[in-house]
Amino acid sequence: MRNPHPNPSPCARGEGLTAPVTSSPGPPPSAFRLPPLITAAVAAHHEETVSLLQELVRVESVNPYFSNYETPSREGDVQDVLAVRLERLGATMDRWEPDAKALARHAGGPGYYPDRDFRGRPNLVATLPGSGGRRSLMLLGHADVVSAGEGWRVDPFGAVRQDGAIYGRGSVDMKGGTAAAIGALESLRAAGVYLRGDVVVASVVDEEAGGMGTLAVVDRGYRADGAIIPEPTGLNVAPLCRGILWGRLTIPGRASHIEMPQPHWRDGGAVDAIALGRVFLDAIDRLNARWAESPAKRHPLLPLPCQVNVSMLDAGEFPTAFAGRMRITFDAQYLPSERNQRGLGGHVKAELESFFAEIAQGDEWLRENPPHIEWLVDADCGETAGDHPLSQMVHDAARSAGAASRMEGMSSHTDMGLLVNAGIPTLNFGPGAPSVAHQPDEHVTEHDLLLATTTLALVIAEWCGV
Ligand SMILES: [Zn+2]
């Protein structure tokens, strides 16, 4: 789950930690066969799954994007921890550092960043060969985490286990999901279950700052008949994620002494960029109201319509001068149905560019001094049908395991689009409330971890055949 700004929200105050955020257990009204052998094996293996998660959290695998690449990445140390577990299961291992030059044929498409340096930052793909004849499954997680930020009441890399939860950066996003996936495979092995279809476990680097690790997995030719990304979904099945655009609109003005009478701007007078900025902010509000009612900006699996959310404002230089410039930074979302031919948000960019240009036409100064828009990020989206057999199977398994699981898309971005574009039906499903990701006191409850591990074990057995 990506949010390249280390922007910790204020933590709750008070003594000790607040109550862990969990996904409430729900009824199991499902036709899914619930082999007691598997659920018992997952429960018996729970301590091992917890200790794997703790081991992963204790590796400070902060994406170097957050330290401006001054601190060496420890994503490789995460891969070391996983490799020990996966080798024990008899997987064949493939470990390599992505290379931006070698991936250049993806330039201009999703997940490609020409200047990204992956030295010392290996991807890991482990393949567990099945006996053959059934569907293969990919389980893909990211090894990197966002920086810890401020406001923690526990060591962010201590993996504290308290009140039925594991605390630490990455416990939710998404080492909890990775631990659940490995815990599921280990539980199946402990139960004496051998699979017919292959299982491909991928642990990628650099998800939190671009997704190029996953691009490298796809480029290397890894494919499967289905994929699950165990990002935190609160145990909901998320066969959809939105595309995200970050844009910055710069509105020009003309600075001048704020206490003095001003001639018309044509005669050299001030132009207050803040006053012009208000016009744009009001217009964005009206646009959002329109988008909220527009079927093109809504998806039945998403609780929120696409919006243009203003996140940062920046204007003026002195208390005594009219602002000579105002910058409005925003986050706008788009749906898979709005993608352009490259699979990115070009249509929505064009829509917003002409929207801002039209507003500028209403002002004489702006007609002659048009605002400028920069696009900072375009993170792609992806979708798999809610009635796809994999979506249905994960949903049934989660409810059978005891989770109040819904089919609900992710309002944020994950790497699923890169897999979907490669022809792999993909969904997100994992433990932990997505709302606590990227926050101080990030934590996953052991209950969520157990339900996710159980669900994944059931799905692996059912999808791949035993
Ligand atoms: Zn994530």
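Over the Cα atoms of segment 263-388, each weighted equally, I'd like the Debye log10 I(q)/I(0) at q = 0.22 Å⁻¹, rounded to two decimals.
Here log10 of I(q) over I(0) equals -1.39.
First check a/c for segment 51-124, with a ≥ b ≥ c the square roots of the eigenvalues of its C-alpha gyration tensor; if it is under 1.5, answer rounded, and if not, answer prolate when a/b is larger than b/c or oblate otherwise.
Here segment 51-124 falls in the oblate category.
Beyond 17 Å, what percent of the Cα pairs of segment 386-466 remain?
For segment 386-466, the share of Cα pairs beyond 17 Å comes to 53 percent.
With axes computed from alpha carbons, what is the tilt in degrees of helix 46-57 against the longest principal axis of the chain, rounded to the nearest 10 within 0 to 90?
Here the helix axis deviates by roughly 40 degrees.
Segment 137-213 to segment 87-111: how many Å between their Cα centroids?
Distance between centres, Cα-based: 19 Å.
If the viscosity is 1.567 mPa s and the temperature 4 °C, what translational diffusion coefficient in µm²/s does Stokes-Einstein give for segment 31-187 when Rh comes from Kirkwood over Cα pairs?
Using the Kirkwood radius from Cα pairs, D works out to 74 µm²/s.
When the chain is fully extended, how far beyond the present Cα-Cα distance does Arg105 get from Ala296, taking 0.36 nm per residue of separation?
Contour length minus the Cα-Cα distance gives 65.6 nm.
What is the gain in length, in nm to one decimal, between Ala289 and Glu358 on full extension, counting 0.36 nm per residue of separation less the C-alpha to C-alpha distance?
23.1 nm
Would you mind pulling out the separation of the Cα centroids of segment 246-286 and segment 221-235, in Å?
Their Cα centres are 48 Å away from one another.
In degrees between 0 and 90, to the nearest 10, how far off the longest principal axis of the chain does helix 389-401 point, with axes built from Cα atoms?
Helix 389-401 and the main axis of the chain meet at about 70 degrees.
Per-residue HN-Hα couplings for segment 191-198, Karplus 6.51 cos²θ - 1.76 cosθ + 1.60 at θ = phi - 60°, whole Hz, x for Gly and Pro?
Values, residue by residue: 7, x, 8, 10, 9, 8, x, 6 Hz.
Decide, for segment 117-177, between rounded, prolate and oblate: order the square roots of the alpha carbon gyration tensor eigenvalues as a ≥ b ≥ c, take rounded if a/c falls under 1.5, and otherwise choose prolate if a/b is larger than b/c, else oblate.
Taking the square roots of the gyration eigenvalues as a ≥ b ≥ c, segment 117-177 is oblate.
Read phi for every residue in segment 449-459 and hand back ³J(HN,Hα) as whole Hz from Karplus 6.51 cos²θ - 1.76 cosθ + 1.60, θ = phi - 60°, with x for Gly and Pro.
My calculation for segment 449-459 gives 4, 5, 5, 5, 5, 4, 4, 5, 4, 4, 5 Hz in order.
Over the C-alpha atoms of the chain, what are the Rg and the largest Cα-to-Cα span, Dmax, in Å?
24.1, 85
Can you give me the long-range amide H partners of Arg254? Hydrogens built in the peptide plane at 1.01 Å from N, cutoff under 5 Å, separation of 5 or more residues or another chain.
For Arg254, whose amide H was placed from the backbone, the distant partners under 5 Å are Val271, Asp272, Ala273.
Which cross-chain or sequence-distant (5 or more) residues have an amide H under 5 Å from the amide H of Tyr334, H modelled 1.01 Å from N in plane?
Gly243, Ile244, Leu245
Quick one: what are the phi-derived ³J(HN,Hα) couplings along segment 61-71, Karplus 6.51/-1.76/1.60 with θ = phi - 60°, whole Hz, x for glycine and proline?
So the Karplus estimates, Gly and Pro as x, are 8, 5, 4, x, 3, 7, 10, 6, 6, 7, 9 Hz.
So for Cys306, Cys381, fewest C-beta neighbours within 10 Å to most, what's the order?
Least crowded to most crowded, the residues run Cys306, Cys381.
Note down the net charge around Arg161, summing +1 for each Lys or Arg and -1 for each Asp or Glu among other residues with Cβ under 13 Å from its Cβ.
That works out to -4.
Taking only Cα atoms, what is the 0 to 90° angle, nearest 10, from helix 75-88's long axis to the longest principal axis of the chain?
Taking the Cα atoms of the chain, the angle to 75-88 is about 20 degrees.
Can you tell me the order of 434-441, 411-418, 315-322 when each peptide is scored by its average per-residue count of other Cβ atoms within 10 angstrom, highest first?
Ranked by mean Cβ neighbours within 10 Å, highest first: 411-418, 434-441, 315-322.
Quick one: which residues, 5+ away or cross-chain, put their amide H under 5 Å from the amide H of Met407? H built at 1.01 Å from N.
Under 5 Å from the amide H of Met407 lie the amide H atoms of Val237, each far enough along the sequence or on another chain.
Where both residues lie in the chain, what percent of DSSP beta bridges are antiparallel, nearest 5?
If I count the DSSP bridges inside the chain, around 75 percent turn out antiparallel.
Quickly estimate the mean residue ellipticity at 222 nm for the chain, helices only: each DSSP H run with n ≥ 4 gives -39500 (n - 2.57), and the total goes over all residues, rounded to 500.
Mean residue ellipticity, 222 nm, calculated: -9500 deg cm²/dmol.
Calculate the length of the line joining the C-alpha centroid of segment 306-346 to that of segment 348-413, in whole Å.
When both Cα centres are located, 14 Å separates them.
Every number in this text was worked out from the coordinates using simple rules, so none of it is lab data. It should be emphasised that the depicted structure is a prediction, and the values quoted were computed from it without experimental measurement. In this analysis, Cβ positions are derived from the backbone assuming ideal geometry, glycine residues included, and neighbour counts consider all displayed protein chains.
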